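A short worksheet on the structure shown next.
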Amino acid sequence: QNSTGSGSIGQLLLNNGKTKKTKKRSVTRQVPCFSLETILLALNHTRVDYFSLDVEGFELDVLKTIPFDKIDIATLSVEYIYGKHDKEAHKSFMLGKGYRLHKDIYLHKQDTSLFVDDFTFVKRDL
């Protein structure tokens, strides 16, 4: 994805084919992708009250693409359980962007398969 806002092409993996588990084959489809900045600017809306980010391990990579100087995000929830970066990398990055850690939510209930490992960040000036 580029930062100029012109979009790019991504891939979507569809499980309508064979895999080891389902004996079906996997199929990828190309889909158009646009940055959060591009979408918000197209809507003429650069203020976001709450943003939830859960992309199965790529949260810090996504956070690094957000132009926090152009998009005013008040509060973010960011998952960190599956990340290739540790908790401190997420926290350090957001603190450097002018946020404070409001809550570190950790909840694992094996009997219900409920797993939550999220940070909630709030802009320091709020």
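Quick notes
- Computed 3J(HN,Hα) for segment 39-51, one whole-Hz value per residue from the Karplus formula 6.51 cos²θ - 1.76 cosθ + 1.60 where θ = phi - 60°, is 5, 5, 5, 4, 8, 6, 9, 10, 9, 10, 6, 9, 10, glycine and proline marked x.
- Over 18 Å between alpha carbons, listed pairs 64/97; 97/123; 70/103; 87/109: 70/103; 87/109
- Accessible area of residue 51 (1.4 Å probe, protein heavy atoms only, ligands and nucleic acids ignored): about 40 Å².
- Taking only protein heavy atoms and a 1.4 Å probe, the accessible area of segment 50-92 is 51% carbon and sulfur.
- Taking amide H as placed 1.01 Å from N in the peptide plane, the amide H of residue 51 sits under 5 Å from that of 75, 76, 77, each at least 5 places away or on another chain.
- Converting phi to 3J(HN,Hα) with the Karplus coefficients 6.51, -1.76 and 1.60 and the offset θ = phi - 60°, segment 65-76 yields 8, 7, x, 4, 7, 10, 10, 8, 9, 6, 9, 10 Hz in sequence order, with x at every glycine or proline.
- Potential extension, residue 49-residue 92 segment - 0.36 nm per residue separation minus Cα distance: 13.3 nm
- Our coupling estimate for segment 95-103, obtained by passing each phi through the Karplus curve with A = 6.51, B = -1.76, C = 1.60 and θ = phi - 60°, is 4, x, 9, x, 10, 10, 7, 8, 7 Hz, Gly and Pro reported as x.
- Full-extension gain in nm, residue 102 to residue 81, via 0.36 nm per residue minus C-alpha separation: 5.8 nm
- Extension gain, residue 62 back to residue 30 (0.36 nm per residue minus Cα-Cα distance, nm): 9.6 nm
The values are calculated or read from the model by the stated rules, or taken from the named source; none is laboratory data. Small disclaimer: the values here were computed from a predicted structure and weren't measured. Note: accessible area is taken over every heavy atom of the protein model, side chains too, but ligands, DNA and RNA are not part of it. Shrake-Rupley method; radii C 1.70, N 1.55, O 1.52, S 1.80 Å.
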